[in-house]
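This report refers to the structure that appears directly beneath it.
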Amino acid sequence: MRINQYIAAAGITSRRKADELIEDGRVKVNGGVLTSPGYHVEEGDIVEVDGVRIEPADRKVYYLLNKPAGYVTSTADKEGRPLVTELVPDSVRVFPVGRLDLNTTGLLILTNDGDLANALMHPSKEFNKRYLVRAQGIVTIKEARQLEKGIDIGGFVTSPAEVHLIRHDRNSTVAEIVIHEGKNRQVRRMFKAIGHPVLELCRTGLGSLEIGRLAVGQCRKLSPAEISALKSAVK
């Protein structure tokens with residue numbers, strides 16, 4: 001088994017991120033730092049990531065989390081901040097699929113299925129991502145149309161989006177936006193480009209998945225039908 005697939009099967013991270021771990025010198029095989037991402041693990045090999053021995057997981061698990069603000073979307077953090085993986089009540093190691101900013105809340109998938117995670121994060125797979133936004137100031141219909149048509153967020157013009165203005169409060173606007181790209185901090189950058197910085201941001205949907213009534217900080221296992229739908233969508 002190729003080393004990045006082995007690491008993904010152990011529930012450490014996706015195959016793409018596994019390659020980065022190897023490049024950073026964080027993977028050892030039989031006591032030596034691995035330098036070749038093309039290495040194939042043989043029976044009897046001892047594989048370590050960050051000094052911890054790993055083995056492929058016996059079972060695949062799939063969770064949907066309603067991420068709270070203040071949690072890092074990672075499996076480790078040098079600053080010691082709380083991790084989203086700590087919210088999953090399972091002894092099997094999982095990793096987040098994609099990323100939500102520290103202060104962004106909402107829907108996040110966590111799994112130890114490296115193949116599915118890798119497929120979901122591949123740039124060629126464009127899933128609708130639905131967000132609920134509270135932005136500073138009063139967003140006008142004209143400004144909302146700018147977001148829908150596509151807007152320059154600094155060296156990149158976004159694809160058409162769906163924007164629905166829900167209500168105007170005294171000094172802010174609540175809106176829903178649906179995008180299918182995944183540029184770094186894209187929604188925040190889009191609203192900043194029209195002069196309305198994001199105050200609160202929550203992802204409420206991803207593809208066919210919805211956050212529903214799941215409480216903040218809580219997670220649930222995906223149903224067999226939901227798992228099947230995700231796998232079908234990335235074929």
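Rule-based calculations on the coordinates, nothing more; no lab input. The shown structure was predicted, so the numbers you read here are calculated from the model rather than taken from an experiment. Methodologically, a virtual Cβ is constructed for each residue, glycine included, from the backbone with ideal geometry; neighbour enumeration extends over all protein chains shown.
In this simple spin-label model, placing a label point 7 Å from the Cα along the Cα-to-Cβ direction at both Asn128 and Lys235 gives a separation of 2.1 nm. Karplus-based coupling profile of the range 45-53, in residue order and whole Hz: 5, 9, 10, 10, 10, 6, x, 10, 5, with θ = phi - 60° in 6.51 cos²θ - 1.76 cosθ + 1.60 and x standing for Gly or Pro.
Legend: calculated FRET efficiency, Lys149 to Asn103, from the Cβ-Cβ distance at R0 = 25 Å, rounded to 0.05, equals 0.35. The calculated FRET efficiency for the pair Phe156 and Ala69, based on their C-beta separation and a Förster distance of 41 Å, comes to about 0.95. Here are some pairs, Lys129/Lys149; Lys60/Lys129; Lys60/Lys231; which of them have Cα atoms lying more than 20 Å apart in this structure? Violating the 20 Å Cα-Cα cut-off are Lys60/Lys129. The stretch between Arg81 and Glu181, if pulled fully straight at 0.36 nm per residue, gains 33.3 nm over its current Cα-Cα span. With helices as the sole contributors, the chain gives -6000 deg cm²/dmol at 222 nm; each DSSP H run of n ≥ 4 counts as -39500 (n - 2.57), and the sum is divided by every residue. Simple rule: put +1 on each Lys or Arg Cβ and -1 on each Asp or Glu Cβ in the chain, find the dipole, and look at Val41, Val52, Val174; the Cα lying farthest toward the positive end is Val174.
The string of couplings for the range 95-101 from the Karplus curve (6.51, -1.76, 1.60, θ = phi - 60°) is 9, x, 9, x, 8, 10, 4 Hz, one whole number per residue in order, with x for Gly and Pro.
Backbone geometry of the range 82-90 corresponds, through the Karplus equation with coefficients 6.51, -1.76 and 1.60 at θ = phi - 60°, to 3J(HN,Hα) couplings of x, 10, 4, 5, 6, 8, 9, x, 8 Hz, x marking Gly and Pro. How would you classify the range 3-53 from its alpha-carbon gyration tensor, with a ≥ b ≥ c the square roots of the eigenvalues: rounded for a/c under 1.5, else prolate if a/b is greater than b/c, otherwise oblate? Rounded shape, in that the Cα axes give a/c under 1.5.
With each label modelled as a point 7 angstrom along the Cα→C-beta vector, the Arg2-Ser228 pair spans 3.0 nm.
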